[in-house]
1. If neighbour count is taken as other Cβ atoms inside 10 Å, put 13, 68 in order from fewest to most.
2. Arrange 16, 50, 78 by Cβ neighbour counts within 10 Å, fewest through most, would you?
3. So for 14, 35, fewest C-beta neighbours within 10 Å to most, what's the order?
């Protein structure tokens, strides 16, 4: 499975694409906490264990100090890098039906 490969990190993104750069600390905290809870529940159901999440990747790489504080309080770091050498971000639907799998396979060879 993709999530068991050694050079794959599963990061938290969000449920809906919100602009986290304009959320208050409390709003960001609650949203990320809900996402983590959902991940933990689905992880246990699908894999029988909770796969660790260490990083939050905000939509559009937009972040703010309140977002960083909220993430840190939940044990996460925020990665808002746009450097393709550091991050290869994708959404599951980009690979549905085999579309763009070549791009992912190439990155996995790094």
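Each reported figure results from applying straightforward, stated rules to the coordinates on display, with no laboratory input. Predicted, not measured: the structure shown is a model, and the values here were computed from it. All Cβ positions, glycine included, derive from the backbone under ideal geometry; neighbour counts span all protein chains shown.
1. Working: 13 14, 68 19.
With the sparsest Cβ surroundings first, the list reads 13, 68.
2. Values: 16 6, 50 13, 78 23.
So the ranking, lowest neighbour count to highest, is 16, 50, 78.
3. Working: 14 15, 35 18.
Sorted ascending by nearby Cβ count, the order is 14, 35.
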